[in-house]
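Right, one structure below, let's go through it.
The values are calculated or read from the model by the stated rules, or taken from the named source; none is laboratory data. What you see is a predicted model, and the numbers here were worked out from it, not measured in a lab. Quick reminder, even Gly has a Cβ in these numbers, built from the backbone with ideal geometry, and neighbours come from all protein chains shown.
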Amino acid sequence: MSNDEFPTDRPAVVTCGLPYANGDLHIGHLRGYIGADAFNRALKTLGQQTAYVCGSDMHGTPVAVNAEQQGVDPAEFALDWHRQYEETFPQFNVEFDNYGHTHDETNTELTKEIVRTLDEEGHVYEKEIQVAYDPEADQYLPDRYVEGTCPYCGEKARGDECDEGCQRHLEPGEVENPVSSITGNPAEYRERAHKFFEVSAFEEYLTEFLDGLEGTSNARNQPRQWIEDGLQDWCITRDMDWGIDYPGDADDETGSDLVLYVWVDAPIEYISSTKQYTERVGADEYDWERVWTEEGDIVHVIGRDIIQHHTIFWPAMLEGAGYNAPRAVAATGFITINGKGLSTSRNRAIWANEYLEEGFHPDLLRYYLTTTGGLQQDVDFSWNAFQEKVNGELVGTVGNFWYRSLLFAYRNYEGTPEEAVSAEVRERIEGAIGDVRESVNEYDLRGIGRAATRLAQFGNEYIQRNEPWKLTDDDPERAAQVIRDCVQIAKAVAVLLEPITPDKSQRLWEQIGEDGDVADVHLEDALETPPRNFDEPGELFAKIEDDRVDELNEKLEERIAAATDGDVDDGTESDDTDADESDDMTDSESETETDDLEPLLEDRISFDDFQELDIRVGRIEAAEGIEGADDLARLEVDVGFETRQVVAGIKQLHDLSELPGQKCVLLVNMEPAELFGVESNGMILAAGDEADLLTTHGDAAVGEKVR
RNA sequence: AGCGGGAUGGGAUAGCCAGGAGAUUCCGGCGGGCUCAUAACCCGCAGACCGGUAGUUCAAAUCUACCUCCCGCUACCA
């Protein structure tokens, strides 16, 4: 509550969600890291003492599973990714004061210490729970090793999270109909002693905490709902080898193979990484203990998918262990690509390395990602929009203003004319500084960019309005005044834009002959007089040509098509057709046309192929709708030897109560599948949009084969 | 269907959380200007009754209720 505005006289720390050491980085990740980096830089320009820390998230089941599949040690596997991340971030001008990982000694020790404290303070208890166990593989199945049905919404869910349905965090033992994700075997539940963190005891604290939490509104509102629904205690141990051992566990009767749940040690990395920073620069320079245990402004930038961890579990842990609470949680929206969801499996993504390999400057992407939509908003990325943004705002407005002003100044005055800045321009710059300060305090990155861009826009207007090129002869003094103002504006834009385009700002900084790093100066320095002399300036932004965009779009489409492997490609129209036309004509409702029948397949199959299809006559014994699904029905079908459970998409199309007793035809050797958590063991044959059920009309007995 | 986000001039977006002069910015269209500048930049014009309905209020894009539609994730071929 009632937090002071930034800058405060306390140290701040900015963190971003830990990248999970399990795959390549894409612009979805980058948005968060760039956003947090920009915010941290912006804080610095306000004069706030701050540190930007992060680290790789090394533990957890996916790392263990994937490492196992590749036959490598999980530590080695995760470290490979860690190193790659470490190399990638600076290439986007994302500069951490410290970048560690959760498996290093600092984090391991600190995690144990914090858990020990929680335990000693009575926030942890032990309970026997049912843990999924794969009898065939003879091992327990923590988290994502098990899949099943969400007990809350009935969706298919992972062991630790209802990732596809209600997004809830699931406790071990909660998932229904568990199946081992390693072997595909049905899992059984076994009794096992685990440690629980008493989150429920923090209900009151968390409610209050959320009232005072800054950042984005989704990070404040979503957890309120969860609290209202009742907080569940949190199982913080897992039956695995890969992870941080539960402290003091070796001589504990709970067994020595329990490790801490990854979500315990992951956020602690925020603290550990800060600590490592202090260890490197000294506590005089930056004191991690002060920030985390005494007084400090902790700002977490995360993706909106991990709000729960940062607004429930994490603050409860901090409170329970005697640490400071976060001041702000800023949850970013997702990135979509050409209007559709980013999907790594379908290769519908812009990869970090790919972007760099295309030769684009990192600041362009930084600008795009931070200024295209609000932090909380989902932002669409397309190469077209990227081009528009870069060409229009960075090249046309900012770059052009920078270049024309400095070039004019260089040619006529060999630098900054010796005049004083006019009152109008000074006020304008002061206004922009105020806007930036306000934006930072509202966690509004776009606002920062806008303030800078608007100032550049004003610069263009100002130079245009005053036409110094006409004045150099008639009224040289006036001309010098105007250019003096323009150089000042150019400098101010560089300072204001530095959080977003640090490298470009630095270049301009050097072009006007300034020493040192623009990253180190404060906003107010935007009003300081630039050096008297500077060299001929160069252009800082280049246009992206249309051909280039076409090429990039093609590449992207090809890649997606390759990954999707010829799935429905609705959009592949016959080239030059008028796009508008097809759009406007979609309301043709003449549906009874028969010319939309699928063409007959040309490819013939062999008799043997046909024999592989085991099609039988069956009788529907029972039919009921599947809860939560629009069209799916669960059927029990007598196929002669046994009764099969089959899922069919006919709920809307048939009166389910009339189905029992009816004969039908079904493919019985269809591979089993799970839909909405219901296993389907066969495929009912039906024709047409109305799912007209196939059946027999003679005396074919149930179980007879169709041939 | 669940969860999340959204519905504002041709397209994309801001404002809405802290309700008050018919509303932001960018792209595009039209007209004009300038020539210092990366065919850039500047000025002007056209164009939205701010998804619908009902409320609260002196006053609503901005608050409340209901509704419709859209998008993302998941997914309904099994």
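Looking at region A:508-519, which of its residues are surrounded by fewer than 21 Cβ atoms within 10 Å (Cβ to Cβ) and free of Cβ contacts under 8 Å to residues at least 24 places away in the same chain? Selection gives A:Glu510, A:Glu514, A:Asp515, A:Gly516, A:Asp517. For A:Glu442, the requirement of being at positive phi, near RNA strand B (Cβ under 8 Å from one of its atoms) and either touching a Leu at 6+ places or on another chain (Cβ under 7 Å) or not hydrophobic (A, V, I, L, M, F, W, C) (or both) is not met. For A:Arg616, the requirement of being at pLDDT 80 or above, under 23 Å from A:Glu147 (Cα atoms), within 15 Å of RNA strand B (Cβ to nearest atom) and surrounded by 15 or more Cβ atoms within 10 Å (Cβ to Cβ) is not met. As an exercise: evaluate A:Asp473 against (1) acidic (Asp, Glu); (2) without any contact (Cβ under 8 Å) to a residue 24 or more places away in the chain; (3) within 8 Å of RNA strand B (Cβ to nearest atom); (4) closer than 25 Å to A:Glu536 by Cβ and give the number of the one condition it does not meet. Only one criterion in (1) acidic (Asp, Glu); (2) without any contact (Cβ under 8 Å) to a residue 24 or more places away in the chain; (3) within 8 Å of RNA strand B (Cβ to nearest atom); (4) closer than 25 Å to A:Glu536 by Cβ is unmet by A:Asp473, namely (3). For A:Arg426, the criteria (1) of a type in the set (Lys, Arg); (2) touching a residue at least 40 places away in the same chain (Cβ under 8 Å); (3) near RNA strand B (Cβ under 10 Å from one of its atoms); (4) under 21 Å from A:Asp525 (Cα atoms) hold in every case but one, which is (3).
In the set (1) of a type in the set (Lys, Arg); (2) modelled with pLDDT of 90 or more; (3) near RNA strand B (Cβ under 10 Å from one of its atoms), A:Arg366 fails one condition alone, (3).
When you scan region A:415-425, do you find a residue that is surrounded by 15 or more Cβ atoms within 10 Å (Cβ to Cβ) and at positive phi, even just one? Walk me through it before giving the result.
Pass one, region A:415-425, residues surrounded by 15 or more Cβ atoms within 10 Å (Cβ to Cβ): A:415-417, A:419, A:421-422, A:425.
If we keep only those that are at positive phi as well, we get A:415.
Yes, region A:415-425 contains at least one residue that is surrounded by 15 or more Cβ atoms within 10 Å (Cβ to Cβ) and at positive phi.
How many residues does region A:68-124 hold that are under 15 Å from A:Val264 (Cβ atoms), of a type in the set (A, V, I, L, M) and outside any helix (DSSP H, G or I)? Selection size over region A:68-124: 1. For region A:273-308, give me each residue that is of a type outside the set (Asp, Glu) and closer than 28 Å to A:Gly159 by Cα. If the condition is that a residue be of a type outside the set (Asp, Glu) and closer than 28 Å to A:Gly159 by Cα, then A:His300, A:Val301, A:Ile302, A:Gly303, A:Arg304, A:Ile306, A:Ile307, A:Gln308 are the ones that fit. Out of the residues in region A:224-246 that are over 29 Å from A:Ala64 (Cβ atoms) and assigned to a helix (DSSP H, G or I), which is farthest from RNA strand B (Cβ to nearest atom)? Checking each candidate, the answer is A:Ile227. Scan (1) touching a helix residue (DSSP H, G or I) at 6+ places or on another chain (Cβ under 7 Å); (2) part of a loop (DSSP other than H, G, I, E, B); (3) surrounded by fewer than 23 Cβ atoms within 10 Å (Cβ to Cβ); (4) touching a residue at least 60 places away in the same chain (Cβ under 8 Å) for the single condition A:Pro62 breaks and write down its number. Unmet condition: (2).
Flag: A:His103 matches the condition of being of a type outside the set (Lys, Arg) and crowded, with 24+ Cβ neighbours inside 10 Å.
If you scan region A:381-408, which residues turn out to be surrounded by fewer than 17 Cβ atoms within 10 Å (Cβ to Cβ) and either in the same structural domain as A:Ile512 (by TED's automatic domain parsing) or near RNA strand B (Cβ under 6 Å from one of its atoms) (or both)? Reasoning before the result, please.
Filtering region A:381-408 for residues surrounded by fewer than 17 Cβ atoms within 10 Å (Cβ to Cβ) gives A:384-385, A:388, A:392, A:396, A:407.
Selection gives A:Glu388, A:Gly392, A:Gly396, A:Leu407.
Residues of region A:260-284 being hydrophobic (A, V, I, L, M, F, W, C) and surrounded by fewer than 21 Cβ atoms within 10 Å (Cβ to Cβ), which ones? Once the filter is applied, which keeps residues that are hydrophobic (A, V, I, L, M, F, W, C) and surrounded by fewer than 21 Cβ atoms within 10 Å (Cβ to Cβ), region A:260-284 yields A:Val281, A:Ala283. Among the residues of region A:313-358, those identified as away from RNA strand B (no atom under 16 Å from the Cβ) and under 20 Å from A:Ala385 (Cβ atoms) are A:Trp351, A:Ala352, A:Glu354, A:Tyr355, A:Leu356, A:Glu358.
Taken together, A:Tyr286, A:Tyr368 contain a single residue that is among the hydroxyl-bearing types (Ser, Thr, Tyr) and without any contact (Cβ under 8 Å) to a residue 24 or more places away in the chain, which is A:Tyr368.
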